[in-house]
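The block underneath contains the structure these notes are about, expressed in structure tokens.
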Amino acid sequence: MDDLIKALETPENPNIPEIHTGDTVTVFVRIKEGSNERIQQFKGVVIRIHGTGNSASFTVRRIASNGIGVERTFLTRSPIVEKVTVQSGGHTRRSRLYFLRQRSGKRAKLRQKFTS
Amino acid sequence: MKGLIGKKVGMTQLFDDSGKAIPVTVIKAGPCYVTQVRTVEKDGYSAVQLGFEETKTQRLTGGELGHLKKNDLPPLKYLKEFRTDEEVEEGQALTVEVFAEGERVDVVGKSKGRGFAGVVKRYGFSGGPKTHGQSDRHRAPGSIGAGSTPGRVFKGKRMPGRMGNDTVTAQNLEISRIDPENNIIAVRGSVPGPKNGLVVIKEARKQ
């Protein structure tokens, strides 16, 4: 029966690579302004990956220019997400990085993960 | 004729053209066969009887098999009547294509049984205070009426009892997707009953 639901769901976006919590990513978001469409970038750290199928989502946290933390949650299979690029991986020991909300400045940096 | 019998598969969300996520219930509906046409001359009212889900021959009684054999139909597990004046032929098969995307439908199902439920769950009473020396009053119904006048509890007073397992209709649901290949209909919103529960899809009465 689950296959029937899968048949209906949107296929995975080939422009989204495998992402992990702690990764620094840039999300390219389609934005409609009246009749024209443009693409906005949202760059930050992935602090949560949630769900499966069409309900799958991930949350990106970035620090805006005024020093205020901004979090945005994207539905992974939404047509609004044009593509995602991974800038770097971060070393984490947990899957949800909510502790970053309490930290600021240098302490909010994750140790970089190097992949061979 | 617009009507189908189906089974609830489960819920998910789909994206519309603007990228909005829409909650939908997936229903595996049809193919249904017209097992009998009831007419005013013969039966006093007009309706169409549909059959759904093929099963093994030994699961049906001789009478049921004979009824289906009249139109050379396979053994069908469920038979349901739909009141309609539209002309259909006996033996005809109906698929999800009788409906179109964007149309509105009513979905009838049997709600999940919740057993003997208290008044908080069954009617949404607030229950009693949780603190200030309360004992055994947390989910109590409170007063059920006045004293000597009227000297009885009014009929229809909401009290604990069997909840669920009722026939429930979800009205005016929009069809957001149809997949004829897999006999699937996705309907916006929720639908009564458990997964694998039998549901009846009809044209919406209040469009």
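Figures for the structure shown
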{"item": "Computed magnitude of the charge dipole of the protein assembly as shown (debye, nearest 20; Cβ of K, R +1, Cβ of D, E -1)", "result": "2900"}
{"item": "Average partner coverage of A:3-9, which counts Cβ from other chains inside 10 Å", "result": "6"}
{"item": "For B:Val40, net neighbour charge (Lys/Arg +1, Asp/Glu -1) across residues whose Cβ lies under 14 Å away", "result": "-2"}
{"item": "Given charges at beta-carbon only (K, R positive; D, E negative), |dipole| of chain A in Debye", "result": "960"}
{"item": "Ranking of B:Ser126, A:Ser95 by count of other Cβ atoms within 10 Å, fewest first", "result": "B:Ser126, A:Ser95"}
{"item": "Rg/Rh ratio calculated on Cα atoms of the protein assembly as shown (Kirkwood radius)", "result": "1.12"}
{"item": "Likely footprinting exposure, A:Thr59, B:Thr35, fewest C-beta neighbours within 10 Å first", "result": "A:Thr59, B:Thr35"}
{"item": "Residues A:Phe74, A:Phe28, sorted so that the one with the fewest Cβ neighbours within 10 Å comes first", "result": "A:Phe28, A:Phe74"}
{"item": "Set of lysines near A:Lys113 by C-alpha distance (under 30 Å), chain-local residues within fewer than 8 positions excluded", "result": "A:Lys43, A:Lys83"}
{"item": "5 angstrom amide H check on B:Arg38, placed H, neighbours 5+ away", "result": "B:Ala47, B:Val48, B:Gln49"}
{"item": "Inverse mean reciprocal Cα-Cα distance (Kirkwood Rh) of segment B:60-141, Å", "result": "18.8"}
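Values in this text are rule-based calculations from the coordinates and carry no lab data. Because the structure is predicted, anything quoted here is derived from the model rather than measured. As a convention, Cβ positions derive from the backbone with ideal geometry for all residues, glycine included, and neighbour counts pool all protein chains shown.
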